[in-house]
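These notes are about the structure you will find just below.
The values are calculated or read from the model by the stated rules, or taken from the named source; none is laboratory data. All values reported here derive from a predicted model rather than from experimental measurement. Here Cβ is always computed from backbone atoms with ideal geometry, including for glycine, and neighbour counts include all displayed protein chains. Note: areas computed on protein heavy atoms with side chains; ligands, DNA, RNA excluded. Shrake-Rupley method; radii C 1.70, N 1.55, O 1.52, S 1.80 Å.
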Amino acid sequence: MHRLSRRLFLVALATLAVATSSPSWAAGKLKVVTTFTILGDMLKNVGGEHIALGTLVGPDGDAHVYEPTPADARALAGADLVIVNGLGFEGWIDRLVKASGYKGPVVVASAGIDALKTEDAHDEHDDHGKAEKDEDHHHGELDPHAWQDLANGRLYVANIARALVAADPAHADDYRRRAEAYDHKLVALDREIRSRLEAVPADRRKVITSHDAFQYFGRAYGIDFHAPVGLSTESEPSAGEVAALVRQMRSERIRALFVENITDPRLVQQLAREAGAVIGGTLYSDSLSGPTGPAPTYLDMFRHNASEIAKSFTS
Ligand code: ZN
């Protein structure tokens, strides 16, 4: 065999070995790994056919308490680009990146947004694991659920487009064009939701959900969200906190009560029982639904949540 063609053959074999060890990667595409479904959907919209996408936490999954697997580490090791939410949402990502040996860029999709700070004091932890404690404390300061405001979603998309252009300049025009078309849809939906919710009298715009995932939604559309559980699904409310919320529901006549796709519904069911309220339905907070559910895309999720909330105000 000619020397050059033999070398090419060996290179092809090596490439084949890599391809078979991560079967989801398609040859010739930019390999992007992201942490959860909402970023995954944005990436599909902007990246289109030029990217091969891996999403670590799947539909209806809870990224707050996710435990990465060896397969996740392998996916990262083979990636060209990693995109995360940031703001402390994926508390496990730094360790996973380190463990995987991935050395490429880790892009924070929420960079540049006006982050909300939590008013709640972060839970005191046990004394074990000093480094972890500091990390958790830092994470407790900012509300990570920034995607729940379409204006922030537009910034996410701009950051994602910039990252794809930098990683794969050959398709820069495509990425920019797709991001712009998608951005128009976000703007149009934001306008539609705003007009629908602004029609509701301000003193009726109060909602109870499981965990505190909708403060950005509330700020964007003038809605007061209350939740028995804090910013992370990891925390648990005390009996006193639950009782206080029931009193508030009664005194303020809060009738909009929702469970979430990613959290245990029992706490909200208890609130409904004790306050004599009815659960309005399911909101999609930190994850999209599967393809046959009501929120398979970011736009569908927003349309679904806004429509459920608007219905509960007028019922
Ligand atoms: Zn959350």
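Tabulated values for the structure
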quantity	calculated
Single condition residue 51 does not satisfy, out of (1) surrounded by fewer than 21 Cβ atoms within 10 Å (Cβ to Cβ); (2) more than 16 Å from the ligand (Cβ to nearest atom); (3) on the phi < 0 side of the Ramachandran plot	(1)
Candidate set from the stretch 144-177 (those that are surrounded by fewer than 23 Cβ atoms within 10 Å (Cβ to Cβ) and among the acidic types (Asp, Glu)); member that is farthest from the ligand (Cβ to nearest atom)	173
Meets criteria (of a type in the set (Ser, Thr, Tyr) and within 16 Å of the ligand (Cβ to nearest atom)) for residue 221	no
Count of the stretch 224-255 residues which are within 11 Å of the ligand (Cβ to nearest atom) and touching a residue at least 40 places away in the same chain (Cβ under 8 Å)	6
Complete set of residues in the stretch 38-57 that are β-branched (Val, Ile, Thr) and farther than 14 Å from residue 160 by Cα	55, 57
Residues within the stretch 62-95 that are touching a strand residue (DSSP E or B) at 6+ places or on another chain (Cβ under 7 Å) and in contact (Cβ under 8 Å) with a residue 60 or more places away in the chain, tallied	6
Residue check for residue 60: within 16 Å of the ligand (Cβ to nearest atom) and either open to solvent by less than 20 Å² (accessible area, probe 1.4 Å) or not assigned by TED's automatic domain parsing to the domain that holds residue 302 (or both)	yes
Wholly enclosed helices (runs of 4 or more DSSP H) of the stretch 103-213 bearing at least 1 residues modelled with pLDDT under 95	130-139, 172-198
Per-region count, the stretch 63-112, residues aromatic (Phe, Trp, Tyr), within 16 Å of the ligand (Cβ to nearest atom) and open to solvent by less than 30 Å² (accessible area, probe 1.4 Å)	2
Some residue of the stretch 234-244 being modelled with pLDDT under 90 and within 28 Å of residue 299 (Cα to Cα)	yes
First in the stretch 296-308 and assigned by TED's automatic domain parsing to the domain that holds residue 59, second anywhere and open to solvent by 20 Å² or more (accessible area, probe 1.4 Å), Cβ under 8 Å, 6 or more apart	none
